[in-house]
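J.: Starting off with a structure, shown below.
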């Protein structure tokens with residue numbers, strides 16, 4: 001899973017990046033408009049693979065991973081600057097939009113005052129403008145080609161006009177219904193305003209577990225409902241400064257710190273859980289070659305397609321999938337006991353893989 005962290009300058013993007021990756025990148029009190037992107041890869045925490053590793057004691061345990069990208073802030077009205085961000089994040093699965101809600105006089109706000117709803121709308125419009133510019137340029141090239149006698153892709157032209165009409169009205173493409181053929185045609189175009197994501201309200205320490213935190217969440221959820229974006233975006237609130245400090249602690253010390261602060265789980269875990277939910281991702285597990293491994297797939301994926309995640313030969317030569325749920329395996333204590341109780345079963349290529357399935361793929365090529 002690949003996630004891009006975006007937001008206005010001085011919203012705390014890099015602080016959140018540090019909190020999510022455990023890195024120690026420098027954070028500044030002034031807007032950054034240049035530099036190189038920051039990348040961080042983290043393991044997806046999952047107690048189930050931890051438990052399987054305890055049982056099997058493999059030489060290698062491989063977790064699913066998340067890659068985070070952090071780059072310069074988005075600037076209102078600066079298409080050239082913003083396109084540098086958009087070009088970098090076009091292939092991500094989702095965006096993490098960091099919105100400043102903390103008050104700190106020493107850290108300037110690019111729009112001079114703290115106003116989370118305005119900032120959310122500002123970034124949303126910049127994503128729309130970025131897509132609109134792309135559509136207009138593509139349509140212009142098609143028109144130039146037509147004048148030169150080049151054959152036109154009428155289906156794509158019709159799709160682009162549909163997108164342009166929505167974008168010109170300030171409507172993100174995630175709010176527009178597209179049929180199956182249109183969705184297929186849109187994938188290589190990599191529109192930004194179709195990306196699902198999470199709005200992260202970056203609050204101050206003084207606002208943790210207060211009415212202000214609760215009211216901010218309510219206001220943003222209402223905004224998303226009113227805009228028809230509730231199905232595309234989720235919203236969470238956290239204190240980036242505290243979460244960055246927690247990310248540097250040992251697990252035991254971090255847990256005690258979280259308990260003292262009244263925080264249920266660290267930002268790293270919370271963001272991953274929400275992203276899995278909004279993207280419809282689930283995990284299945286394999287034990288082969290002395291390796292326990294977690295794999296990420298989309299909910300609804302059949303067994304043959306899931307086998308292809310492990311290796312293309314497994315998908316091509318798929319015969320059967322030997323499947324047991326994690327809960328049944330733990331209850332039985334071993335595969336032999338599960339087989340005796342009839343809980344280890346053979347499934348065909350159309351079997352829909354469930355979250356937590358432990359699978360051994362049978363194949364022949």
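The values are calculated or read from the model by the stated rules, or taken from the named source; none is laboratory data. Just so it is clear, the model here is predicted, and its values are computed rather than measured. Heads up, the Cβs are rebuilt from the backbone with ideal geometry, glycines too, and the neighbour counts pull from every protein chain shown.
J.: Starting from residues that are touching a helix residue (DSSP H, G or I) at 6+ places or on another chain (Cβ under 6 Å) and without any contact (Cβ under 8 Å) to a residue 40 or more places away in the chain, keep the ones in the stretch 207-231 and report whichever is surrounded by the fewest Cβ atoms within 10 Å (Cβ to Cβ).
T.: Result: 230.
J.: May I ask you to verify whether residue 116 is closer than 23 Å to residue 240 by Cβ, outside the structural domain of residue 334 (by TED's automatic domain parsing), more than 23 Å from the chain's Cα centre (by Cα) and surrounded by 14 or more Cβ atoms within 10 Å (Cβ to Cβ)? Break it down into steps so the answer makes sense when it comes.
T.: Values: closer than 23 Å to residue 240 by Cβ: yes; outside the structural domain of residue 334 (by TED's automatic domain parsing): yes; more than 23 Å from the chain's Cα centre (by Cα): no; surrounded by 14 or more Cβ atoms within 10 Å (Cβ to Cβ): yes.
No: the conditions fail for residue 116.
J.: Quickly run through the stretch 200-253 and pick out the residues that are in contact with a strand residue (DSSP E or B) (Cβ under 8 Å, 6 or more places away or on another chain), assigned to a helix (DSSP H, G or I) and closer than 22 Å to residue 25 by Cα.
T.: 240
J.: I need every pair where a residue in the stretch 283-297 that is at positive phi has its Cβ under 6 Å from the Cβ of a residue that is outside any strand (DSSP E or B), sequence separation at least 6 or different chains.
T.: 290/58; 290/59
J.: Additional query: Taking residue 278 and the conditions (1) touching a helix residue (DSSP H, G or I) at 6+ places or on another chain (Cβ under 9 Å); (2) touching a residue at least 24 places away in the same chain (Cβ under 8 Å); (3) on the phi < 0 side of the Ramachandran plot, which numbered condition does it fall short on, given that it satisfies the others?
T.: Tallying (1) touching a helix residue (DSSP H, G or I) at 6+ places or on another chain (Cβ under 9 Å); (2) touching a residue at least 24 places away in the same chain (Cβ under 8 Å); (3) on the phi < 0 side of the Ramachandran plot, residue 278 fails exactly one: (1).
J.: Let me ask something else about it. Quick check on this structure: which one of 11, 108 is farther than 29 Å from residue 187 by Cα, crowded, with 17+ Cβ neighbours inside 10 Å and in contact (Cβ under 8 Å) with a residue 60 or more places away in the chain?
T.: 11
J.: (1) in the same structural domain as residue 348 (by TED's automatic domain parsing); (2) surrounded by 14 or more Cβ atoms within 10 Å (Cβ to Cβ); (3) free of Cβ contacts under 8 Å to residues at least 40 places away in the same chain: which one isn't true of residue 270, the others all being true?
T.: Unmet for residue 270, out of (1) in the same structural domain as residue 348 (by TED's automatic domain parsing); (2) surrounded by 14 or more Cβ atoms within 10 Å (Cβ to Cβ); (3) free of Cβ contacts under 8 Å to residues at least 40 places away in the same chain: (1).
J.: Is it true that some residue in the stretch 260-272 is assigned to a helix (DSSP H, G or I), more than 24 Å from the chain's Cα centre (by Cα), at pLDDT below 95 and farther than 30 Å from residue 119 by Cβ? Show your work before the answer.
T.: So the first thing to find is which residues in the stretch 260-272 are assigned to a helix (DSSP H, G or I), and the list is 260-261, 267-272.
Now narrow it down to the ones that are more than 24 Å from the chain's Cα centre (by Cα): 260-261.
Okay, now just the ones that are also at pLDDT below 95, so 260-261.
In the following step, the residues that additionally are farther than 30 Å from residue 119 by Cβ were identified as 260.
Yes: one or more hits.
J.: Separate question: Would you pick out the residues in the stretch 26-54 that are at pLDDT 70 or above, under 13 Å from residue 70 (Cβ atoms) and part of a loop (DSSP other than H, G, I, E, B)?
T.: Result: 35, 36, 37.
J.: Filter the stretch 296-345 for residues that are within 19 Å of residue 52 (Cα to Cα) and part of a loop (DSSP other than H, G, I, E, B) and give the result.
T.: Result: 333, 334, 343, 344.
J.: Report, by residue number, each residue of the stretch 346-362 that is assigned to a strand (DSSP E or B) and within 10 Å of residue 325 (Cα to Cα).
T.: Taking the stretch 346-362 and keeping what is assigned to a strand (DSSP E or B), we get 346-347, 352, 357-362.
Hits for the stretch 346-362 are 357, 358, 359.
J.: Related question: Based on this model, can you work out whether residue 297 counts as surrounded by 14 or more Cβ atoms within 10 Å (Cβ to Cβ), modelled with pLDDT under 95 and closer than 30 Å to residue 195 by Cα?
T.: Numbers: surrounded by 14 or more Cβ atoms within 10 Å (Cβ to Cβ): yes; modelled with pLDDT under 95: no; closer than 30 Å to residue 195 by Cα: yes.
No.
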